[in-house]
1. Taking 7 Å along the Cα-to-C-beta vector as the label spot, tell me the residue 42-residue 197 distance in nanometres, rounded to one decimal.
2. Express the relative contact order of the range 147-255 as a whole percentage, based on alpha carbon pairs under 8 Å and six or more residues apart in sequence.
3. How large is Rg/Rh for the range 186-252, to two decimals, with Cα atoms and a Kirkwood Rh?
4. Which of 219, 110 comes first, and how do the rest follow, when ranked by fewest Cβ neighbours within 10 Å?
5. Taking the number of other C-beta atoms within 10 Å as the exposure measure, put 111, 220, 161 in order starting with the fewest.
6. Over the range 150-208, one equal point on each Cα, no solvent: what is log10 I(q)/I(0) by the Debye formula at q = 0.27 Å⁻¹?
7. Sort 223, 43 so the one with the fewest other Cβ atoms within 10 Å of its own Cβ comes first.
8. Take residue 164 and residue 226, extend 7 Å from each Cα along the Cα→Cβ direction, and tell me the distance between the two endpoints in nm.
């Protein structure tokens, strides 16, 4: 014979379930800043400008647990718009909202904002007091020693051959991050220089996931020292996107 539950047990269980549902509905979703890269060319004609389109994309994925009619803080989710280095926005989103936004048409990539701690690369002449002006700390040291200042991971490539004519080869190192489609193959194209041969290794960067970092090196070999600087560029292409790094090559005159 099956024993029937007492009425007070049923009532207690009902109240427990009700309060759990109510509590979960009122619990705010944790939000943090995400960087969203957009495909500018995908903007529908119905939008007069890209900023309105970006904001509309963000608004379309918002989860409002409190069901506020006026949207409340949701109206302030877009906190910055990028128009130069790339096209997109910085927005305050929950993890669920970020996942939904990543699936939207026109969204190339989305990743959480990362705050980096500053480490100096070359500061031999700075006193602790002077160093604190730049870093807020007085006890920071070099985290990584570079073979040359040219290995600073800047987009631009500055190649300076010294005044010693026996130095004919310089190698610069760079690391790049995939902010496009997860699976991407980028091929290198380098403009020609009168005074130097240029070789990129590897010639193709094969990304297999979003935000993946890959290193490459570019080798400059003097074939004829030039009296004036030469300018050119390195372009990485995947058939759709182009990422260009400007190059300047300088030969210092012998002393």
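What follows is calculated from the coordinates using simple rules that are stated; it is not laboratory data. Keep in mind that what you see is a predicted model, and the values were worked out from it rather than measured. Reconstructed Cβ throughout: ideal geometry from the backbone, glycine too, with neighbour counts over all protein chains shown.
1. That separation, rounded to one decimal, is 4.3 nm.
2. So the answer I get is 34 percent.
3. 1.04
4. Arranged by neighbour count, lowest to highest, 219, 110 become 219, 110.
5. The fewest-first ordering by Cβ neighbours comes to 111, 161, 220.
6. After summing over all Cα pairs, the log10 values are -1.35.
7. Sorted ascending by nearby Cβ count, the order is 223, 43.
8. So the two model labels end up 2.4 nm from each other.
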